[in-house]
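The values are calculated or read from the model by the stated rules, or taken from the named source; none is laboratory data. Quick caveat, the model's predicted, so the values are computed rather than measured. With ideal geometry, Cβ positions are generated from the backbone for all residues, glycine too; neighbour counts draw on all protein chains shown.
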Amino acid sequence: MTTPQTIPTEIGWIGVGKMGNPMATRLIEAGHKLTICDPVAENRASLVARGAQVSASAGDVAARCNLIFVTIPNDAVLASLIDDGEDRSGFVGQVGAGTVLVEMSTVSPQLSERVARTLARRGVGYLRCPISGSTTLARAGKLTALASGDLSAWETAAPLLDLLAVRKFYLGQGEEARYMKLVLNTLVGATSSILGEALVLGERGGLTPGQMMEVITESAVASPLIAYKHEMIAQMDFAPAFSVSQMIKDFTLITEAGRDKQVPMFVANMILQQYTAASNAGYSEQDFFSLFDWMRVSGGLADPA
């Protein structure tokens, strides 16, 4: 059982894009004052309108704030944040001992280990806290938070995570949360692949996607994810909630983590190739469940868009 701690008064948020923006919005609406940093003006605008302060750089956020959330797109951005040579103007050079960093992105465990070593030298509490859920769930505060790392950092961040997530799991003191996120994303990405293949079989047999989804969502294989994608597939409208290109990034992390741990990932590697082929066929920025449409076209059931 954790002991509640006082919430730090200076809260920073680095990266307020697709997922970071709705989460940061919830903290502001709960009465917290935020200092934000993001290179894209459109990402910052709605938060500034709600009263957020803007810092010109991540280093400025580190200098001003003692609890910092990070939501960035990939390993390269996180590495650039941490690998600043501890220059006085950079993030690592400015972050003070006792600061808590809550890193909520989907990044590789290997990079996360390096981040942990760098922050430990600065006396920073590092919480790996990737989140699971859509932008809609983020805005509603109904995400799932997967956390590991410094226990005192977990205790400090927990009251704020309660505003963002309906389920929180503290999984250990190392990279356990990173691996748990990759486990979940493996299953999510694989669902699109096997469902698409099954639907093509059914369509060849005379069924429509809408008919099949109606039955599947009432069957033993129903899941919240499949239910969430019901209308998308029935309407064949693949406006992106999470794109094919983003899934390629995640499955690259998954397969690389498998190689690092000497785990054969036969199916995951095949699915990565499916997403890559779909991307090359023009589906890159469509929802990852558009894998079904790519399979239909590849199987001669539809003409290319």
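I'd like the full set of residues that are surrounded by fewer than 19 Cβ atoms within 10 Å (Cβ to Cβ), of a type in the set (S, T, N, Q) and not in a strand (DSSP E or B), limited to segment 136-168. Result: 136, 152.
Within segment 165-202, being touching a helix residue (DSSP H, G or I) at 6+ places or on another chain (Cβ under 7 Å), over 19 Å from residue 19 (Cα atoms) and among the charged types (D, E, K, R) holds for 175, 197. Scan (1) assigned to a helix (DSSP H, G or I); (2) closer than 17 Å to residue 128 by Cβ for the single condition residue 73 breaks and write down its number. Only one criterion in (1) assigned to a helix (DSSP H, G or I); (2) closer than 17 Å to residue 128 by Cβ is unmet by residue 73, namely (1). Note on segment 181-194: residues that are surrounded by fewer than 20 Cβ atoms within 10 Å (Cβ to Cβ) and under 17 Å from the mean Cα position of the chain (by Cα) total 5.
If the condition is being assigned to a helix (DSSP H, G or I) and either assigned by TED's automatic domain parsing to the domain that holds residue 132 or in contact (Cβ under 8 Å) with a residue 60 or more places away in the chain (or both), then segment 213-232 contributes only 228. Being within 23 Å of the chain's Cα centre (by Cα) and modelled with pLDDT under 90 is the filter here, so list the residues in segment 83-93 that pass it. 83 - this is the single residue of segment 83-93 that is within 23 Å of the chain's Cα centre (by Cα) and modelled with pLDDT under 90. Provide a single number: the residues in segment 87-120 that are in a loop (DSSP other than H, G, I, E, B), of a type outside the set (A, V, I, L, M, F, W, C) and closer than 18 Å to residue 177 by Cα. The total comes to 3.
Among the residues of segment 189-212, those identified as free of Cβ contacts under 8 Å to residues at least 40 places away in the same chain and under 17 Å from residue 238 (Cβ atoms) are 191, 208, 210, 212. Candidates 200, 244, 221: the one that is of a type in the set (Val, Ile, Thr) and over 22 Å from residue 133 (Cβ atoms) is 200. Kindly establish whether residue 71 is in contact with a Gly (Cβ under 8 Å, 6 or more places away or on another chain), assigned by TED's automatic domain parsing to the domain that holds residue 154 and of a type in the set (Val, Ile, Thr). The answer is yes for residue 71. Before we move on, is residue 115 in contact with a Cys (Cβ under 6 Å, 6 or more places away or on another chain) and of a type in the set (A, V, I, L, M, F, W, C)? When the stated conditions are applied, residue 115 does not pass them.
Per this entry, residue 123 is counted among residues that are on the phi > 0 side of the Ramachandran plot and either part of a loop (DSSP other than H, G, I, E, B) or surrounded by fewer than 18 Cβ atoms within 10 Å (Cβ to Cβ) (or both). Exactly one residue out of 177, 190, 198 is in a helix (DSSP H, G or I), within 24 Å of residue 251 (Cβ to Cβ) and in contact with a Cys (Cβ under 8 Å, 6 or more places away or on another chain), and it is 177. Of all residues in segment 272-305, exactly one satisfies the criterion of being crowded, with 22+ Cβ neighbours inside 10 Å and in contact with a Pro (Cβ under 7 Å, 6 or more places away or on another chain), namely 287. What number goes with the only condition from (1) within 18 Å of the chain's Cα centre (by Cα); (2) farther than 25 Å from residue 173 by Cα; (3) surrounded by fewer than 18 Cβ atoms within 10 Å (Cβ to Cβ) that residue 74 does not pass? Result: residue 74 passes all but (2).
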